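The values are calculated or read from the model by the stated rules, or taken from the named source; none is laboratory data. The structure displayed is predicted, hence computed values, not measured ones. Cβ atoms come from the backbone with ideal geometry, glycine included; neighbour counts cover every protein chain shown.
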Amino acid sequence: MDKTLLWVRTGAAWLVALLIFFPILWLGMTAFKTELQAISVPPKFFFTPTLENFIEVQSRSDYLLYAKNSLITSVASTLLGLLIAAPAAYSMAFFQTRRTKDLLVWMLSTKMMPAVGVLIPVYVVYQQFQLLDTRLGLTIIFTMSNLPIMVWMLYSYFKDIPREILEAARMDGATLYDEFRHVILPLGIGGLASTALLCLVLSWNESFWSLNLSSAKAGTLATLIASYSSPEGLFWAKLSAASLMAIAPIIVFGWFCQKQLVQGLTFGAVK
Amino acid sequence: MKLKLTAALCLVAFAAAAHADTELVIATVNNGHMVTMEKMGKFFEKDNPGIKLKWVTLEEGTLRQRVTTDIATKGGQFDVMTIGMYETPIWGKKGWLAEIKPDAKYDIDDMLPAMRQGLSVNGKLYAAPFYGESSMLMYRSDLVEKAGLKMPANPTWTQIRDIAAKINDPAKGVYGICLRGKPGWGDNMAFLTTLVNSYGGQWFDMKWKPQLTTKPWKDAITFYVDLLKKYGPPGSSANSFNEILALYNEGKCGMWVDATIAASFITDPKQSKVADKVAFAPAPVQVTAKGSNWLWAWALAVPASSTKQEAAEKFIRWATSKDYINLVGREVGWGNVPTGTRKSTYANADFLKAAKFADAEKAAIISANPKDSTLPKSPYVGVQFASIPEFQAIGIATGQQMSAALAGKVSVDKALELSQQAADREMKKAGYYK
């Protein structure tokens, strides 16, 4: 009975995993098809692969420029976010006031508003400060978008650090800086790493602001993908090739860091 | 000594500034002709050493959102914008676009009159057409012949229904007719507006009152839903240009009424399994021929907020010139030249030899008149749209209802009633009437 249950569970897990993975698999397959093969009905599972779509994408678009923009904006926004979120979460975790919970909920509530609702004001502000189509502009908006999640994640981590350790440090004469630098950071390094990884992935995949606030210079890989969608004409194979090139770096990165990512996403889930 | 050094540095800086390139940021939509333009850009840069081209290629919906946001807020992100025949008159009137002033070499009289009219306001050209299109009937000549039929020179919708019934063979995977059903003012409503026009209908009367519950609308939409339910492919309510193109190229559509640009795809053996079995006819008519085929152009415009208007206009004059068409013909092939803009293209022997759809396309474009596209007099310009800012919202709302009616989720009468309410609300809100 136990063995049957184990088989069923394993089978179900594989089925779910396959379902989740299938779109990526299909994307990968379509990238190596011709445009005609990509739209054929019934869909083709067996075909002679071609590299023509990758060659076309490479010749039409400056892939390295987009990749560089993605890398810079996601790394910079993650670092900037940590710089703001870590002290904020520390303060909220160890120096709680009556309003701390409300503040946390309010911060999270900003994520519930659709981004398009503030597009025009943000666009006008960016125009005034000459931030349109700049990496700095995208870094700022990515940081702002990720901050609520970063604060929440770090807050959950810091809350689990025993207060007694902090009190002991204070007894030994540690200043606020010492406390943060020599106690909180070493103890919370796992949380910081998980938060950073998650934000890196979120920034890398962000598309709404990238599409709307960049044009010729600061476009990220998300804008590269969008440029291959067409209202008139066949485009699926080229779009798939562009998508595969855009997601490949972050998939490899995620593969190596999956343990930390899962830990970060599930932290506090079973409290 | 210090003074000399400073003076020398200033001179170097001035010289560098004087030779700095003018960088033009061009926003385009991703389609074959635009991609070719991007590739041909090197020739323009070679002839104009002081100008560098930077391309921003976007999906149609995103492009529309981006350029609208930028032009409305005077963002100045783009120096050349690809816009359509819908936006041009509206933005031109608002003073958002710089007037295009062609020189003698440009030969403006060579431009097809319908295109020039549709992109002008009070005689001033605000965008130059890069490529234009109308709509027509594309059909499988082999299937029609096999059924012992002959396509009339100017078919009516009733005749099209009869032919669809005869060639419809779902068991063999062939459907009588494929038409757009996906909701959107540029998707199903582009086609449906021409259908309603041909049934004698219109969007608004002369007092700007929506006319969606009138007899022509009811007759046209009832016919459309019935036609696709009986002889259309399953899931038609989700089909637009690309979906039907895929079906047609696989040999699954007997007939298709859509953009003339489709002709170049379905006659291309690299893309289509039925490339040698395609024939063309004018878009079907019913009560009237007025407005039975649409008119659209992707055009290049200079936003008034651009600081590089002179260079931008120079580029537009190049990209929409006869010389550019010849350049594409030479470099890429005559089957790939942007069509629907100039009379000279349709007089070019090389083009006529390469494009078997040329005559049908030219006839369709010439016959469309955006200023007189409905049987009753209408206050708006546009064949498949009304060129007013409120139309987008009305078109989208109506498109959703029509798609729902096609999917059987709501009756035709109810769909039209709800669309009329939405249109009425939008027009009242905009102050057209109380």
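Give B:Glu87, B:Glu99, B:Glu133 a once-over and let me know the one that is within 14 Å of chain A (Cβ to nearest Cβ), of a type outside the set (A, V, I, L, M) and closer than 30 Å to B:Asp323 by Cα.
The unique qualifying residue is B:Glu133.
Considering only residues that are away from chain B (no Cβ under 14 Å), touching a residue at least 24 places away in the same chain (Cβ under 8 Å) and among the aliphatic types (A, V, I, L, M), which ones fall in the stretch A:33-70? Of everything in the stretch A:33-70, just one residue is away from chain B (no Cβ under 14 Å), touching a residue at least 24 places away in the same chain (Cβ under 8 Å) and among the aliphatic types (A, V, I, L, M), namely A:Ala67.
Scan the stretch A:108-139 for residues that are without any contact (Cβ under 8 Å) to a residue 40 or more places away in the chain and not basic (Lys, Arg) and the total you get is 16.
A single entry from B:Lys343, B:Lys353 fulfils the requirement of being assigned by TED's automatic domain parsing to the domain that holds B:Gly118, touching a Leu at 6+ places or on another chain (Cβ under 8 Å) and surrounded by fewer than 17 Cβ atoms within 10 Å (Cβ to Cβ): B:Lys343. Screening A:Tyr126 with (1) crowded, with 17+ Cβ neighbours inside 10 Å; (2) away from every other protein chain (no Cβ under 14 Å) gives one miss only, at (2).
Scanning the stretch B:136-188 for residues that are assigned to a helix (DSSP H, G or I) and not hydrophobic (A, V, I, L, M, F, W, C) yields B:Ser141, B:Asp142, B:Glu145, B:Lys146, B:Thr158, B:Gln159, B:Arg161, B:Asp162, B:Lys166, B:Pro170, B:Lys172, B:Asn188.
If I filter the stretch B:78-96 for residues that are over 20 Å from B:Asn30 (Cα atoms), modelled with pLDDT under 90, surrounded by fewer than 17 Cβ atoms within 10 Å (Cβ to Cβ) and not assigned by TED's automatic domain parsing to the domain that holds B:Asp169, do I get at least one hit?
There is no residue in the stretch B:78-96 that is over 20 Å from B:Asn30 (Cα atoms), modelled with pLDDT under 90, surrounded by fewer than 17 Cβ atoms within 10 Å (Cβ to Cβ) and not assigned by TED's automatic domain parsing to the domain that holds B:Asp169.
Return the residues of the stretch A:204-221 that are in contact (Cβ under 8 Å) with a residue 60 or more places away in the chain and either more than 10 Å from chain B (Cβ to nearest Cβ) or in a helix (DSSP H, G or I) (or both); say none if nothing qualifies.
Within the stretch A:204-221, A:Trp204, A:Glu206, A:Phe208, A:Trp209, A:Ser210, A:Asn212, A:Leu213, A:Ala218, A:Thr220, A:Leu221 qualify.
Checked against the criteria, B:Asp268 does not count as of a type in the set (Asp, Glu), modelled with pLDDT of 95 or more and within 28 Å of B:Arg64 (Cβ to Cβ). Out of the residues in the stretch B:55-84 that are more than 7 Å from chain A (Cβ to nearest Cβ) and among the aliphatic types (A, V, I, L, M), which is farthest from the chain's Cα centre (by Cα)? Among those that are more than 7 Å from chain A (Cβ to nearest Cβ) and among the aliphatic types (A, V, I, L, M), it is B:Ala72. Going by the structure shown, is B:Tyr131 closer than 30 Å to B:Val278 by Cβ, aromatic (Phe, Trp, Tyr), in contact with a helix residue (DSSP H, G or I) (Cβ under 8 Å, 6 or more places away or on another chain) and touching a residue at least 24 places away in the same chain (Cβ under 8 Å)? Judged against the criteria, B:Tyr131 is a match. At least 3 residues being touching a residue at least 60 places away in the same chain (Cβ under 8 Å) and touching a strand residue (DSSP E or B) at 6+ places or on another chain (Cβ under 6 Å) is the threshold, and among the helices (runs of 4 or more DSSP H) wholly inside the stretch B:300-401 those reaching it are B:309-319, B:358-367.
Take the conditions (1) over 26 Å from B:Tyr346 (Cα atoms); (2) more than 22 Å from the chain's Cα centre (by Cα); B:Val121 misses just one of them, which is (2).
Identify all residues within the stretch B:29-40 that are among the polar types (S, T, N, Q) and more than 9 Å from chain A (Cβ to nearest Cβ); write none if there are none. Within the stretch B:29-40, just B:Thr36 meets the criteria.
State yes or no: is A:Phe47 aromatic (Phe, Trp, Tyr), surrounded by 11 or more Cβ atoms within 10 Å (Cβ to Cβ) and within 29 Å of A:Val201 (Cα to Cα)?
Numbers: aromatic (Phe, Trp, Tyr): yes; surrounded by 11 or more Cβ atoms within 10 Å (Cβ to Cβ): yes; within 29 Å of A:Val201 (Cα to Cα): no.
Criteria not met by A:Phe47.
Restricting attention to the stretch A:187-200, does a residue exist that is more than 21 Å from A:Ser91 (Cβ to Cβ), in a helix (DSSP H, G or I) and within 14 Å of chain B (Cβ to nearest Cβ)? No, that holds for no residue. Can you tell me how many residues in the stretch B:254-270 are within 12 Å of another protein chain (Cβ to nearest Cβ) and in contact (Cβ under 8 Å) with a residue 24 or more places away in the chain? Counting residues in the stretch B:254-270 that are within 12 Å of another protein chain (Cβ to nearest Cβ) and in contact (Cβ under 8 Å) with a residue 24 or more places away in the chain gives 9.
Where helices (runs of 4 or more DSSP H) sit wholly within the stretch B:215-272, those with at least 1 residues that are more than 21 Å from A:Ile39 (Cβ to Cβ) and touching a helix residue (DSSP H, G or I) at 6+ places or on another chain (Cβ under 6 Å) occupy B:215-231.
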